[in-house]
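Only the coordinates and a few stated rules stand behind these numbers; no lab work does. Model, not experiment: these values are computed from the prediction. Here the Cβ positions follow ideal geometry from the backbone for every residue, glycine too, while neighbour counts run over all protein chains shown.
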Amino acid sequence: MKDDILQYVLIIILFAILTSLSVWSIFYIGDTENQIAVFGIIAIILAAFTSVLTISINHNKAKAKEFELLVLKEKQKVYEHFYNAMFELLEGTKAKKAVHEKKAYTEMMLFKKGLMNWGSEKLIKAFIEYDNKLLDEKGNFNMLTDGSNFLKEIRKEMGFSDSRKLNLMSIILTAEARKEMLNGK
């Protein structure tokens, strides 16, 4: 914040100096050669200022891009917990069901903690909707559509855009199950 104010103050001071030099050169210097020399100085100052401003803008853009990449990496770590929980539940067998459920619960709690810090408001709302449907006793949850919709929201957060036709949950299905799903539609 202080840096922004300082930059604006410096720009205003520079603009005032250049304006006063121009006015001084036009109205108070009678010799044409001296006027040309003053305008040359103004041109050099403008060129230097433009160079510094360009470097400053590029530096700020690089810092912003670096910050975006850092946030994206953190989001990826958080979203990986959701994927881990989902696949733990899918891998669960009857013999080791309790072990898989415990791992899935732990991963889901890590996902929820991370979602609170790194998730957008839209993704948090999408997760709450997904979680409510998942726990709905009326059976309104459809793993293929609701799961795919939530996974698409996660992918949107990471910068991807998926069409409505893509069903991400079909990745976990076997080839035969995908055929059945396509033929059933």
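Observations
- For the peptides 158-168, 120-130, 105-115, the ranking by packing is 105-115, 120-130, 158-168, with the highest mean count of neighbouring Cβ atoms within 10 Å listed first.
- Computed about the Cα centre, the dipole magnitude for the stretch 85-185 is approximately 140 debye when only Lys and Arg (+1) and Asp and Glu (-1) carry charge, each at its Cβ.
- Based on alpha carbons, the Rg and Dmax found for the chain are 29.9, 99 Å.
- Dipole of the stretch 71-184, positive direction: furthest Cα of Ala177, Leu135, Trp118, with charges on the beta-carbon: Trp118
- Bridging of Lys97 to aspartates and glutamates at a Cα separation below 16 Å is possible for Glu88, Glu107, once same-chain residues fewer than 8 apart are set aside.
- 21 Å Cα-Cα threshold exceeded, pairs from Lys103/Lys152; Lys73/Lys156; Lys73/Lys112; Lys122/Lys156: Lys103/Lys152
- Cβ-placed point charges (K, R +1; D, E -1), dipole of the stretch 1-152 about Cα centre in debye, nearest 20: 820 debye
- Once the C-beta distance of Ser22 and Asn58 is scaled by a Förster radius of 25 Å, the resulting FRET efficiency is 0.30 to the nearest 0.05.
- Mean residue ellipticity, 222 nm, helices only, the chain: the sum of -39500 (n - 2.57) across DSSP H runs of n ≥ 4, divided by residue count and rounded to 500, is -28500 deg cm²/dmol.
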